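Structure first, then comments.
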Amino acid sequence: MSLLAVEDLTVTYPGGRRPAVKGVSLEIESGRTLAVVGESGSGKTTLALALAGLLDRRARRHASRLEINGEDLLAAGRRRWRQLRRTDISFIFQSPINSWNPTRTMIAQVRDAMSAAGHAGRMPELMDLLARVGFEDPERRLADLPHQLSGGMLQRVSIAVAVIIEPALLIADEPTSALDSTVQSEILAILGELRSEADLAMLIISHDLSVVARVADDVMVLYGGKVVEQGARAAVLGSAVHPYTRGLLDSVPRLDGDRKILLPSMEPGHLPASGCPFAPRCRLVVDDCRRVEPDLIPINDTLAACPPAASSALITT
Amino acid sequence: MTQGRYPEVTGPAPGLRFGAGRLARFAKGVVWLLVVVLVAVSITFALSRIVPADPARLAAGLEAGPEQVERVRQDMGLDDPVMVQYVRYITGLVRGDFGDSIRTRGPILDDVVEALPASIELIVVSFTIFAALGILAGAAWAYWPRGVHAVLLRVVAVAGSAVPVFWVGLLLQIFLAARPDWFPLVARLDFPVAGNLNHEAAGIAEVTGAGLLDALIARSPSAMWEAARVLFLPVMTIVIHNIALTIALTRSSLADQLDREYVRAARARGLSEWRVVVVDALRNALNPVVTMLGLQLGWLLGGVVIVEVIFSWPGIGLYAFSSFQSFDYNAIMAITVLATAGFVLVNALVGQIYPLLDPRIKEAR
Amino acid sequence: MTVAELPAAPEAASRTRKAGRGVMWWSVATVAVLAALVLIPGLLAPADPYKLDIINRFTPPNAGNLFGTDDSGRDILSRVIHGARYSIGSAVLIITVAALVGTIYGSLAAWYGGILDRLLMRTVDVFLAFPYLVFAMAVAASMGRGLTSTIVALSLLWWPSYARMIRGQVKSILNDYHIRAAITLGARRGQILRWHVIPHTYNQLLVRFTLDIGNALVALTGLAFLGLGATPPLPEWGRMVADSKQFALLAWWYAVFPGIVIFVTVLNFVLLGEALRKRSTS
């Protein structure tokens, strides 16, 4: 049974022309990692927040199914979600410096988090874990204020605090994109190691395909709040069919300098009111794309929401 | 009037916050205090000497003949050159001598000391109430931005700062205190001018001069009730006018903090709403509010004059008013000096609160 | 700090914008009415504001005297209309002087920088460290009673805040690339300041100016209430409320109507200022 199961999740913000997330379904099993890929504005952060009960009060969430550990959370209140975040769900944010209160010492905030989770007695254990993930001299350095520590150090604390409660689900929203590239790979290594030790399900959000290639088992591509393609890592990275995924893959810079077709850039927020959200930028676009919102259909090894791609795939294979 | 509407934070002069060590900072603070007071004195002194009103004439009384006026003028040293008078006044100040009042003919310092407790009581009580209530209401508004209370608070925030304080006081008198059995119309009506509370009638000893405090010392509930009753309308007048800015600023500051990522991160770690909103966000939101409250105190030093006049509250404000009326320039200048010194000191104290709210400031020193 | 910004309702930004425009037009219309009161009170007032009529003193509001009459039987409505010139006029005068002096002073400090800047701004700091209301009272009282003293006192009090605001703005504008380019190209100082820098401050200046007229009015009438301002029989608004004090229980309308007029006027300038601020920031 899947640890996390979501069906037809839609999130709308007031004043928004389109839902930020529309009809997303996903499942993650314990021990596996799902990567959600997409550019900014694609709804990936909203999706992550919705799965942790952290959406703005103004946001409207609809789904036909939302289960963690088999528990139906469609009607769960704020209290229940908070309880879940204390015991079962951990969240790592994109910007380490912004995820800590700038005016309080790290130790005070870490203590707050630990006692909230009911692990106040496990501080020594946390110190060990911090030392293990490369946070040197934690007793002394934690007495500092957040801005006195580097982004990599702060993110190590965030990760340690996130995993020490032994969550069933770990959500990481762009955990490395605010960091230098060398620090990035250290953090990814730590995440990978901790994940393989604990039998948890992980949802990692990224716009960086190299990160995805390193940590993911499955990949889901979001565009304009909709899933446009999903499948196993190898399938999506290797033989994606959706023109958007293809464009993303092709725009990864290569050492041989051979970049293929770049995606036509586009102002964010200019999504069409109906039809396929990607239609205005798509090279395979046909009239139907502007009228009908395509559903996910199996094409080659993945599921993709692109009927024209299906027909061209049939022709090429 | 202008209270918090100055967008700039005054407080200790820029540059004062940084310095080598505590002592140097303290010394700089003292110098700053002296400079500000000296400038304030000099301006009032200069202006009081270039205008035609004749203090000697006033001091001598209306029936006095020209010779008498001349004698008074000599006695008061008013025929000396202005610079001599100025130096004489400043040296007097340094010795702690504010001169004699033309009106009461006693040392001004004695008058001030006698009137001060009543004013301090009024200011402290009003300030505590509008600061606490304002922060509470503003925080609630930021946290629950919609609803009937939000509309209500918006009206208070807009109207409160536009309403003239003297008019509020007058209206409260007309419409609430028209029933003198509810509230004493004027402090003086029920209680003769010996402190805000008639200690004799209330049966308690006068220790500090502040009614509430004296009643507390005497452990007399009935006297405390009386003292609170007398305080109610003047305090309410000040609160209505001043709470508006506190509410509006707390709201916008806290709303800004609640939108920050660290708040969401704290929630993600499972912290209770109380911890997230009060311990983390509100504390950070209070920084600009504290600055504004410091400035409000500056306003209060003047605003209390108006309120004391309306309610015949026998404090320093009423004393100042009488001095204005009788052109008692010695008293006017003494009040300027004391109020300025008080305001500078208060702002220096406010400067001490910032590091408690935001330790990054302490570290920057 | 800023004037605590009035919050917009979280949803439907367009609705608030529309409401904001409504507030703006309402305030503009009211300001126009107030301007008429200042300019042509004689044409608008139903009666002579100075005409004594002891027999009809303390007449409650009625068809002939909408706001009632005062202790000398004068028509309060007419006095309020004629008083606009003294109250609003003085407030505008105070802020104009303060803004003018502050703008010149602040831009000089910003332009020359260095020691002069520090000296000038430290002086401003001294002024801003005064407890303003007490200081204004003291100055007005030492100069002897009268509307002029009060106007001088409040102008003296107000210019430093403009100096500081303008200095900050000019400093940041001077750092802009187009100004640096103009300097490099050899444009003369006065020209740059006059044509390229000062105009950029107009927006904020206007917002501040509008808000401060309301603030000055509160200060002015407050001082007048203490007898530091217009002398009788001038129908200045604060003075009228002060005069009404001793008759508060006898004739409620005497205190209520002039007060309402002050309140509504100040409120309008505040709302207009906020609306202008929102327009200039959005």
Once the whole set of protein chains is in place, how much accessible area is left on C:THR123, using a 1.4 Å probe, in Å² to the nearest 10?
50
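For B:ILE353, A:ILE107, give the ranking by accessible area with the largest first, probe 1.4 Å.
Numbers: B:ILE353 65, A:ILE107 30 Å².
Result of the area sort, largest leading: B:ILE353, A:ILE107.
Taking 51 Å as R0, compute the FRET efficiency from the Cβ-Cβ separation of B:ARG360 and A:ARG291 and round it to 0.05. Before the final figure, lay out each step's value.
Details: r = 56 Å, r/R0 = 1.09.
The computed FRET efficiency comes out at 0.35.
Stretched out fully, how many nm does the piece from C:TYR177 to C:ASN62 gain, at 0.36 nm a residue minus the Cα gap? Don't skip to the answer; put the middle values down first.
Numbers: separation 115, 0.36 × 115 = 41.40 nm, distance 6.48 nm.
Value of the extension gain: 34.9 nm.
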How much of C:HIS178 can a 1.4 Å solvent probe reach, expressed as accessible area in Å² and rounded to 10?
90
Students sometimes get this wrong: rank B:GLU226, A:GLU7 by accessible area, probe 1.4 Å, all chains present, largest first.
A:GLU7, B:GLU226
Mind checking which aspartates and glutamates have their C-alpha under 17 Å from C:LYS51, skipping anything on the same chain fewer than 8 residues away?
C:ASP70, C:ASP71, C:ASP75, C:GLU236, C:ASP243
Kyte-Doolittle mean at least -0.5, axial Cα span of 20 Å or more - DSSP H helices of chain C
C:13-39, C:76-112, C:114-128, C:147-174, C:198-225, C:252-281
In debye to the nearest 20, the charge dipole size for the protein assembly as shown, taken about the Cα centre with +1 at each Lys and Arg Cβ and -1 at each Asp and Glu Cβ, equals 1720
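What ranking of B:TYR86, C:TYR177, C:TYR132, C:TYR202 comes out by heavy-atom accessible area, probe 1.4 Å, highest first? Show your work: numbers first, answer last.
Numbers: B:TYR86 50, C:TYR177 175, C:TYR132 5, C:TYR202 115 Å².
The ordering from most to least exposed comes out as C:TYR177, C:TYR202, B:TYR86, C:TYR132.
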Using label points projected 7 Å from each Cα along Cα→Cβ, tell me how many nm separate A:SER64 and B:ALA24, to one decimal.
7.2
Between the modelled labels at A:HIS147 and C:VAL264 (7 Å from Cα along Cα→Cβ) the distance in nm is 4.9
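Relative contact order for chain C: what is it in percent, counting Cα pairs under 8 Å that are at least 6 residues apart? Before the final figure, lay out the partial values.
Working: 381 pairs, mean separation 63.9, N = 282.
Contact order relative to length: 23 percent.
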Keeping all protein chains in position, work out how much accessible area A:LEU47 exposes to a 1.4 Å probe, and write it in Å² to the nearest 10.
0
Which helices, taking whole DSSP H runs in chain A, have alpha carbons extending 18 angstrom or more along the helix axis plus mean Kyte-Doolittle at least 1.0?
A:151-164
Among A:SER210, A:SER158, A:SER25, which one shows the highest mean-square fluctuation when chain A is modelled as a Gaussian network with alpha-carbon springs under 10 Å?
A:SER210
Summarise the accessible area of the stretch B:108-364 (1.4 Å probe, protein heavy atoms) by the percent that is carbon and sulfur.
69
Among C:MET24, C:ALA251, C:VAL264, the residue whose Cα sits farthest towards the positive end of the charge dipole of chain C, when +1 is placed on the Cβ of each Lys and Arg and -1 on the Cβ of each Asp and Glu, is C:MET24
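The values are calculated or read from the model by the stated rules, or taken from the named source; none is laboratory data. What you see is a predicted model; the values in this text were computed from it and never measured. All Cβ positions, even for glycine, are placed from backbone atoms using ideal geometry, and neighbour counts span all protein chains on display. Remember, those area values only see protein heavy atoms, side chains included, never the ligands or the DNA or RNA. Shrake-Rupley method; radii C 1.70, N 1.55, O 1.52, S 1.80 Å.
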